[in-house]
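For reference, the structure is listed below as structure tokens.
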Amino acid sequence: MTILELIQLDGFPSKKAGSTGSGEYAGPCPWCGGEDRFRVWPSQGEFGKYWCRGCGRSGDAIQYLRDHRRMTYREACHQLGREVNLPSTLTGSRPAKPQWEPRVTAAPGDLWQAKARKLVDEAVHHLWTPTGKPMLDFLSQRRGLIEATIYVHMEFYRGIKAIAQFLGVHERTAQAFLYDGKIPGKKDGTGT
């Protein structure tokens, strides 16, 4: 059953208004009642399509049945002889969410790291100056950090940098060294 047949069954006659594709039909709109503003293309899509130039209503046969006859999606599909396989959220038929797997990434290049270090150092330097006060206020008021915590972590970061430079390793390696006293990847853990 096409959209044209459904509309005519509901008492809205349509006449052929053009031969675009396999035909265009015009008639009164089932919603606004406008004469010759309602257009139907019975061969477009699976069951045909409609559009009212007056009120703007548009859709396919399923949408028509839902809007005009107040059917559910499932009822509209059944009326048109279309099989419906809607997944039920109650039966757990949703596809499984893909499991997150970590990926190995390379450290950014030396130039990028140098510029990032410079930016962090400048930001830390300005944090306790009048220009840094808004950020310090943000960290304390909005993020709940007290100045002592900010300072300790700033010094910890500087300590990691110093250890990394001294050992000639990446800062992540130096951070691991601070936690367990061994340099990862070295047989004796001393860096030799």
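Keeping to segment 56-87, report how many residues are hydrophobic (A, V, I, L, M, F, W, C), part of a loop (DSSP other than H, G, I, E, B) and surrounded by 15 or more Cβ atoms within 10 Å (Cβ to Cβ).
2
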Checklist line | In segment 79-127, the residues that are of a type in the set (S, T, N, Q) and either in contact with a strand residue (DSSP E or B) (Cβ under 6 Å, 6 or more places away or on another chain) or modelled with pLDDT under 80 (or both) | finding: ASN85, SER88, THR89, THR91, SER93
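How many of the residues making up segment 101-128 are among the small types (Gly, Ala, Ser) and either under 22 Å from ILE150 (Cα atoms) or assigned to a helix (DSSP H, G or I) (or both)? Spell out the reasoning first.
First pass over segment 101-128, keeping only residues among the small types (Gly, Ala, Ser): 106-107, 109, 114, 116, 123.
Narrowing further to those that are either under 22 Å from ILE150 (Cα atoms) or assigned to a helix (DSSP H, G or I) (or both): 114, 116, 123.
Residues that pass the stated criteria total 3.
Counting only residues that are aromatic (Phe, Trp, Tyr) and touching a helix residue (DSSP H, G or I) at 6+ places or on another chain (Cβ under 6 Å), how many does segment 26-55 have?
Here is the first cut: in segment 26-55, the ones aromatic (Phe, Trp, Tyr) are 31, 38, 41, 47, 50-51.
Adding the requirement that they be touching a helix residue (DSSP H, G or I) at 6+ places or on another chain (Cβ under 6 Å) leaves 47, 50.
Residues flagged as aromatic (Phe, Trp, Tyr) and touching a helix residue (DSSP H, G or I) at 6+ places or on another chain (Cβ under 6 Å) within segment 26-55 amount to 2.
Kindly establish whether GLU46 is part of a loop (DSSP other than H, G, I, E, B), of a type in the set (Asp, Glu), surrounded by fewer than 17 Cβ atoms within 10 Å (Cβ to Cβ) and modelled with pLDDT of 90 or more.
Numbers: part of a loop (DSSP other than H, G, I, E, B): yes; of a type in the set (Asp, Glu): yes; surrounded by fewer than 17 Cβ atoms within 10 Å (Cβ to Cβ): yes; modelled with pLDDT of 90 or more: yes.
Answer is yes for this residue.
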Next item on the list: Write out, first by first residue and then by second, each pair whose Cβ atoms fall under 7 Å of each other, whose residues are 6+ apart or on separate chains, and whose first residue, in segment 2-30, is closer than 16 Å to GLY45 by Cα and buried (at least 20 other Cβ atoms within 10 Å of the Cβ) while the second is at pLDDT 95 or above and of a type in the set (Asp, Glu).
Entry: ILE3/ASP60
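The values are calculated or read from the model by the stated rules, or taken from the named source; none is laboratory data. Bear in mind the structure is a predicted one, so any value in this text is a computation, not a measurement. Because the Cβ atoms are built from the backbone with ideal geometry, glycine has one as well, and the counts that use them run over all protein chains shown.
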